[in-house]
Amino acid sequence: MKRTALKIGYIGTNFHGFQRQPNVRTVEEELIYHLRKLDYIDDLKKSRFRIAGRTDAGVHSLGNVISFQSEKEVRVNEINNSLPDDIQILAKAPVRYAFKPRYAQMRQYRYLLFQDLGIEKLNEVAEVFKGTHNFTNFTKRFQKTTTRTIDDIKITKVDLDDYHKREFPNLHDTIAPIFVDIYGESFLWNMVRKMMRVFVDVAQDRMSLDDVCDLLNPPEDSPRASIKVMEAEYLILMDIQYDGIKFKYDDYACKRFKRDLITSLDNLQKKYAIRESMIKSLDDLI
């Protein structure tokens, strides 16, 4: 039996998160159902089915990872033909028997901010977060250790005058999003979304850099700070990387997922146009 790791892309909008839950649609449940249907796996324990990350409801992915062992040669597009359009396998890699996808070398998350925020202020916040800290104030769950290392944070203001604006004219009146890409080996539950709340609060002068420092590495006996999480739908798990493992992306699978994304974006544009028309009509009536 061969063990294979698969890199998964999905749009989280219509899922109740990644992890299996009773009576609701999840990414993991869909994957298991279709892998069983195609005879890649049967018993989850015997196939050693494993996942890298349990993203929350609404969170998207271009790089989450699962692994399993199977007697069948894994064919990416056979699986994709069975899967619904909002989940697709993008890449695969052969891995050793003992491979556990949760133990990654690096994870990259991207959060999209749509407020009109100063890049310089955001970069100042990023410098505070970089490095190793106790992030106990940035998670909802009590865990054995809340120490994590942020390797890098890159902040990019997107230019809407490029290809996307020319292709999608309804985006003309929107605020150009800011990409905040965060890199680290592992993250706590809700950690990135709570970090983003702090980024926004500092950029809008509701919090100082000294306040951010106080939230990191708090005294052991101090009460946990209350930080409201930012919206899940603006978070993307971009990539997960492993030492010594190189994923091979399937060209057809990536183009197919891109095509599905463009189709869904076109549908969103039509919904946008309807609402915009109704707003303008109401303005004419007043």
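The values are calculated or read from the model by the stated rules, or taken from the named source; none is laboratory data. All figures in this text were calculated on a predicted structure; none of them were measured in a lab. Methodologically, a virtual Cβ is constructed for each residue, glycine included, from the backbone with ideal geometry; neighbour enumeration extends over all protein chains shown. Surface areas here come from the heavy atoms of the whole protein model, side chains and all, with no ligands, DNA or RNA. Shrake-Rupley method; radii C 1.70, N 1.55, O 1.52, S 1.80 Å.
Just a few scattered comments:
- Contact map, segment 134-152: residues that are within 11 Å of ASN217 (Cα to Cα) and in contact (Cβ under 8 Å) with a residue 12 or more places away in the chain paired with residues that are in a strand (DSSP E or B) and among the charged types (D, E, K, R), Cβ distance under 6 Å, separation 6+ or inter-chain. Pairs shown: PHE135/ARG148.
- You will find that of ASN23, ASN14, ASN77, the residue that is farther than 18 Å from TRP189 by Cα, surrounded by fewer than 17 Cβ atoms within 10 Å (Cβ to Cβ) and touching a helix residue (DSSP H, G or I) at 6+ places or on another chain (Cβ under 9 Å) is ASN77 and no other.
- Taken over segment 111-153, the criterion of being closer than 21 Å to TYR234 by Cβ and in a loop (DSSP other than H, G, I, E, B) is satisfied by PHE114, GLN115, ASP116, LEU117, GLY118, PHE135, THR139, LYS140.
- Taken across segment 141-151, residues that are modelled with pLDDT of 90 or more and among the basic types (Lys, Arg) do occur, with at least one present.
- Check on LYS280, modelled with pLDDT of 85 or more, farther than 26 Å from GLY63 by Cβ and basic (Lys, Arg): yes
- Test for GLY17: is it assigned to a loop (DSSP other than H, G, I, E, B), in contact with a Pro (Cβ under 9 Å, 6 or more places away or on another chain) and over 23 Å from THR263 (Cβ atoms): no
- Any hit, segment 207-230, residues being in a helix (DSSP H, G or I), touching a strand residue (DSSP E or B) at 6+ places or on another chain (Cβ under 7 Å) and either of a type in the set (Phe, Trp, Tyr) or modelled with pLDDT under 90 (or both): no
- Of the residues making up segment 233-254, one or more are acidic (Asp, Glu), within 28 Å of PHE114 (Cα to Cα), at pLDDT below 95 and under 24 Å from the mean Cα position of the chain (by Cα).
- Top-ranked residue in segment 92-120 [being in contact with a Ser or Thr (Cβ under 8 Å, 6 or more places away or on another chain) and among the aliphatic types (A, V, I, L, M); ranked as surrounded by the most Cβ atoms within 10 Å (Cβ to Cβ)]: VAL95
- If you filter segment 161-185 down to residues that are open to solvent by less than 30 Å² (accessible area, probe 1.4 Å) and not in a strand (DSSP E or B), you find that the one that is modelled with the lowest pLDDT is PHE168.
- Evaluated against (1) part of a helix (DSSP H, G or I); (2) at pLDDT 95 or above, SER67 falls short on exactly one condition, (1).
- Filtered residues of segment 59-74 (kept if over 20 Å from SER186 (Cα atoms) and open to solvent by less than 60 Å² (accessible area, probe 1.4 Å)): PHE68, GLN69, SER70, VAL74
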